[in-house]
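Chemist: Take this structure first; my questions come after.
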Amino acid sequence: MDKKKEEVPVPVALINFIAGASRFLVVGHEDPDGDCVGSQLALCSVLQRLSKESIPCSAGPFRRPEIISFQDRFRPIPSELSGIHVLVVDCSTLDRVGNIGPMLKGLPVAIIDHHATGHHETGSVPAFVDSASPSTTLLVLSLIESLNVQPTLEEAELLLFGLCTDTGFFRHLDANSGATFDASARLIRSGANLKHIYQMINPSRNLNSRLLLGRILSRTQAYYGGKLLVTSETLEEGIQFGVENRDSDKVYSLLQSVHEVEAIVLIRQENPEKCSVGFRSLDIVNVAEVAVRFGGGGHKNASGASIPGTIEQVTAQILAAFKDIFIGSESGQ
Ligand SMILES: [Mn+2]
C-alpha cells in the first residue's frame, strides 16, 4: 500500500528565482556524493538548455569512486560574479559547501535539499526542502518538470544515479515508495539505464580497498548488548592504503547484517586533530540527532560529523551520546 505522502510543491519563489536571472552557480556540499553531483550537473544542463549560463562548482574532494569521473566537469568560481544567482543543492547552508562558501556571501541564494537538519537559512530565501524525498535529484526532477522541461537521456541518468546512490540502490526505501518508483519510471523512459548506473556505483576495486576493509572490520567492537557497533580507521591506514580506497558503503552493509545491531559508527582519523564520523542506523534509532550534537547533520538513518580528537577520545564521546538512546539497555559491552 502506498500511503500518499504529503508532497512538497515546487515553491513559486524558486521558479521566479530561476526566471529572474541568466547566470547561475550551482553548488553542493563539500565531500560530494552521487546525489549532490547528479543534482548539480543535471540542473546545470537544464539551465543551459533554457539559455542560461550555469556553472557547477564544488569544494571537493572527489573521493568517492563513483563520482571521480565527474570531477573534470566542475569549474572554479568565476572572478566576475555580477548578476550571479546561487543554487545550493543537497545541503541548506553555505557553511556546508566548504571553502567556496565565503566567496558566495552576499549573492542571491536558493536551496534545493532533502536533509532533515541545518535549515536555518531557509526562512529568508527560496527553498525547496522535502526531507521525505529519498534524494535531492528527485526534487530537481520535480523542479524541471514544473518548468515544463523533459530530461534528456544524460540528465535522466544523472538524476537516477543520485537516487540510486542515496537509497543504496533502492534497498533503503520503505513501503511508501510508490511515488519514488513512478519518478524512476519517468527517468527510465527518458533513457536512464539502471544497469549502467549499477556499474558506475560499483566500479571494480583494487586489492588495497579489500585489505583496508579487512582491517576496519577486524577492529569492530559491540556495545549496549550488540545494538551498537563501532569501528575505526587509523591515520596510518588512510596513508598506507589510500583514502581513495575507502569503501564505506561496504563497511556499513556488512555490519548492518549483524544479528540485532541497531546502529553503526565508523570513525576515521583524518588528521592528528580530528576524526570524520559516519553514523548509520537500521530503523528506529535517529542518528541525525546524534550527529547534530557533534555539529554534524544528515538523515534519521544516515548522518555524519567531524569531531575534534583522537579515535579513542571520539569513541568515548560517541558511546556517551548513544547511552541516552539505548537507555534501559545493559550498558557497556
Ligand atoms: Mn542527498
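Chemist: Assess whether ILE284 counts as being in a loop (DSSP other than H, G, I, E, B) and more than 17 Å from the chain's Cα centre (by Cα).
Modeler: Yes.
Chemist: Inside segment 144-227, counting only helices (runs of 4 or more DSSP H) that do not spill past its ends, which hold 2 or more residues that are under 19 Å from LEU43 (Cα atoms), modelled with pLDDT of 95 or more and not aromatic (Phe, Trp, Tyr)?
Modeler: So the answer is 153-166, 178-189.
Chemist: Still on this structure: Restricting to segment 28-58, name every residue that is more than 20 Å from LEU163 (Cβ to Cβ) and within 16 Å of the ligand (Cβ to nearest atom).
Modeler: GLU30
Chemist: Report every pair of residues separated by at least 6 positions or lying on different chains whose Cβ atoms are under 8 Å apart, first residue within segment 263-277 and more than 16 Å from GLU236 (Cβ to Cβ), second buried (at least 23 other Cβ atoms within 10 Å of the Cβ) and hydroxyl-bearing (Ser, Thr, Tyr).
Modeler: These pairs meet every condition: ALA263/SER281; ILE264/SER281.
Chemist: For segment 68-111, which positions are assigned to a strand (DSSP E or B), free of Cβ contacts under 8 Å to residues at least 60 places away in the same chain and closer than 17 Å to SER22 by Cβ?
Modeler: If the condition is that a residue be assigned to a strand (DSSP E or B), free of Cβ contacts under 8 Å to residues at least 60 places away in the same chain and closer than 17 Å to SER22 by Cβ, then VAL109 is the only one that fits.
Chemist: For PRO11, only one of the following conditions fails: (1) touching a residue at least 60 places away in the same chain (Cβ under 8 Å); (2) of a type outside the set (A, V, I, L, M); (3) crowded, with 21+ Cβ neighbours inside 10 Å; (4) more than 16 Å from the ligand (Cβ to nearest atom). What is its number?
Modeler: Unmet for PRO11, out of (1) touching a residue at least 60 places away in the same chain (Cβ under 8 Å); (2) of a type outside the set (A, V, I, L, M); (3) crowded, with 21+ Cβ neighbours inside 10 Å; (4) more than 16 Å from the ligand (Cβ to nearest atom): (3).
Chemist: Could you grab me the full set of residues in segment 150-168 that are under 21 Å from the mean Cα position of the chain (by Cα) and more than 14 Å from the ligand (Cβ to nearest atom)?
Modeler: Once the filter is applied, which keeps residues that are under 21 Å from the mean Cα position of the chain (by Cα) and more than 14 Å from the ligand (Cβ to nearest atom), segment 150-168 yields GLU154, GLU155, ALA156, GLU157.
Chemist: If you go through segment 45-53 one residue at a time, do you hit one that is under 22 Å from the mean Cα position of the chain (by Cα) and either assigned to a loop (DSSP other than H, G, I, E, B) or modelled with pLDDT of 90 or more (or both)?
Modeler: Within segment 45-53, one or more residues are under 22 Å from the mean Cα position of the chain (by Cα) and either assigned to a loop (DSSP other than H, G, I, E, B) or modelled with pLDDT of 90 or more (or both).
Chemist: Let me ask something else. Go through (1) away from the ligand (no atom under 13 Å from the Cβ); (2) closer than 13 Å to LEU14 by Cβ for ASP72 and report which single condition fails.
Modeler: (2)
Yes or no, residue by residue, for (1) farther than 27 Å from ASN202 by Cα; (2) assigned to a strand (DSSP E or B); (3) outside the structural domain of THR117 (by TED's automatic domain parsing):
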{"residue": "VAL265", "(1), (2), (3)": "no, yes, yes"}
{"residue": "ALA288", "(1), (2), (3)": "no, no, yes"}
{"residue": "GLY304", "(1), (2), (3)": "no, yes, yes"}
{"residue": "ALA316", "(1), (2), (3)": "yes, no, yes"}
{"residue": "ASP324", "(1), (2), (3)": "yes, no, yes"}
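Chemist: Inspect all residues belonging to segment 245-261 and state whether any of them is more than 22 Å from VAL314 (Cβ to Cβ) and among the hydroxyl-bearing types (Ser, Thr, Tyr).
Modeler: Yes, that holds for at least one residue.
Chemist: Out of all the residues in segment 123-136, is one or more touching a Lys or Arg at 6+ places or on another chain (Cβ under 6 Å) and within 15 Å of the ligand (Cβ to nearest atom)?
Modeler: Within segment 123-136, one or more residues are touching a Lys or Arg at 6+ places or on another chain (Cβ under 6 Å) and within 15 Å of the ligand (Cβ to nearest atom).
Chemist: So if I check each of VAL109, VAL86, VAL97, which one is within 16 Å of the ligand (Cβ to nearest atom), surrounded by 15 or more Cβ atoms within 10 Å (Cβ to Cβ) and among the hydrophobic types (A, V, I, L, M, F, W, C)?
Modeler: VAL97
The values are calculated or read from the model by the stated rules, or taken from the named source; none is laboratory data. This one's a predicted model, so the numbers in the text were calculated from it and none came from an experiment. Glycine also receives a Cβ, built like all others from the backbone with ideal geometry; neighbour counts cover every protein chain displayed.
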